[in-house]
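So the structure is just underneath, and the comments pick up after that.
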Amino acid sequence: MSSERLAHDGVLRLAMWSGPRNLSTAFMRSWENRDDTVVVDEPFYAHYLFTTGVDHPGRNEVLASQPTDWRVVVQQLLAPLPADVRILFQKQMAHHLLPDMGRDWLGAMTHAFLIRDPHSMVASLEGKLGSFDLLQTGLTQQVEIFEQVAQRTGRAPPVLDTDDLLQRPEPMLRALCTALDVPFSTRMLAWPAGPRETDGVWAKHWYDRVEASTGFEPPPPTTERKPLPPALTDIEARCRPLYERLRVHRLHA
């Protein structure tokens, strides 16, 4: 690992910015299966729910399970880790980065982005939340974070499209590891089924499919996509240019 990507303790603190229904939990499984990595599942979720008042499944459990002050969460993300840990993988939901939160701490992290075609994303999110707005997809915030990181570092941070990942898991994971200057591990390609102690308390509401998974599954053909209802068509259309803004920088393998 290059020294510019490492904190003073030698740990790569990787903030992987995603939105809901972007394959982010399976991706967390992939990184957690490495020997040198520990993971954190959506560390700002309680702060997000507390500040916005949004009513998500298991809201009270989430609020009781995490600090509701974002500053405390940042301190936890920067806290020392065991000597054998080289990577702290943070599954970060971009829409959890609210306007009230400071941004200075972002400079202590290495950033990467996980995106998904808006048609598939909004259809999946509707199945979990019913109604939602553009901000709840996380794409607006992903673009904001991406542009801030690119401006600060002078280069585009890595972007991984889930369609590419599902079609070519090993080449795409290798490309991401290269971009992050970390060694690739074949352990990232498969993992045991079941829940994890590191999963958030909201897992029972959101993680049914990933708990049954043991690896990345090929995506369904686009010909099997069902038309979106009018309300989702409007959100998908507003998501599309934001997605394309990030997709132009996606990794290739």
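In the stretch 46-64, which residues are closer than 10 Å to Trp202 by Cα and either touching a residue at least 12 places away in the same chain (Cβ under 8 Å) or of a type in the set (Asp, Glu) (or both)?
His56, Pro57, Gly58, Glu61, Val62
So how many residues does the stretch 126-143 have that are buried (at least 21 other Cβ atoms within 10 Å of the Cβ) and hydrophobic (A, V, I, L, M, F, W, C)?
The number of residues fulfilling the criteria is 1.
When the stretch 220-251 is examined, which residues are found to be under 19 Å from the mean Cα position of the chain (by Cα) and touching a residue at least 60 places away in the same chain (Cβ under 8 Å)?
Cys239, Arg240, Leu242, Tyr243, Arg245, Leu246, Arg247, His249, Arg250, Leu251
Report, by residue number, each residue of the stretch 215-253 that is in contact with a Ser or Thr (Cβ under 8 Å, 6 or more places away or on another chain), outside any loop (DSSP other than H, G, I, E, B) and at pLDDT 90 or above.
Matches in the stretch 215-253: Ile235, Cys239, Leu242.
State which residue is farthest from the chain's Cα centre (by Cα) when the search covers only the stretch 147-163 and only residues that are in contact (Cβ under 8 Å) with a residue 12 or more places away in the chain and part of a helix (DSSP H, G or I).
Step by step, filter the stretch 147-163, then rank; the result is Arg152.
Going through Pro221, Pro241 one at a time, which residue ends up being surrounded by fewer than 12 Cβ atoms within 10 Å (Cβ to Cβ) and over 25 Å from Val143 (Cβ atoms)?
Within the list Pro221, Pro241, the selection yields Pro221.
Got at least one residue in the stretch 104-125 being loosely packed, with under 12 Cβ neighbours inside 10 Å and over 19 Å from Glu236 (Cα atoms)?
Taking every residue of the stretch 104-125 in turn, at least one turns out to be loosely packed, with under 12 Cβ neighbours inside 10 Å and over 19 Å from Glu236 (Cα atoms).
Any residue in the stretch 164-186 that is part of a helix (DSSP H, G or I), buried (at least 16 other Cβ atoms within 10 Å of the Cβ), among the β-branched types (Val, Ile, Thr) and in contact (Cβ under 8 Å) with a residue 12 or more places away in the chain?
no
Listed here are the residues, each with its yes/no results for (1) over 24 Å from Arg152 (Cβ atoms); (2) modelled with pLDDT of 95 or more; (3) small (Gly, Ala, Ser); (4) out of contact with any Cys (no Cβ under 7 Å at 6 or more places or on another chain).
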position	(1), (2), (3), (4)
Met1	no, no, no, yes
Ala15	no, yes, yes, yes
Val73	no, yes, no, yes
Gln76	no, yes, no, yes
Pro82	yes, no, no, yes
Ile87	no, yes, no, yes
Gln90	no, yes, no, yes
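Condition test on Ala83, is it over 16 Å from Val201 (Cβ atoms), of a type in the set (Gly, Ala, Ser) and part of a loop (DSSP other than H, G, I, E, B)?
Answer is yes for this residue.
The values are calculated or read from the model by the stated rules, or taken from the named source; none is laboratory data. Predicted model, so just to flag it, every value in this text is computed and none were measured. Backbone-built Cβ (ideal geometry, glycine too); neighbour counts: all protein chains shown.
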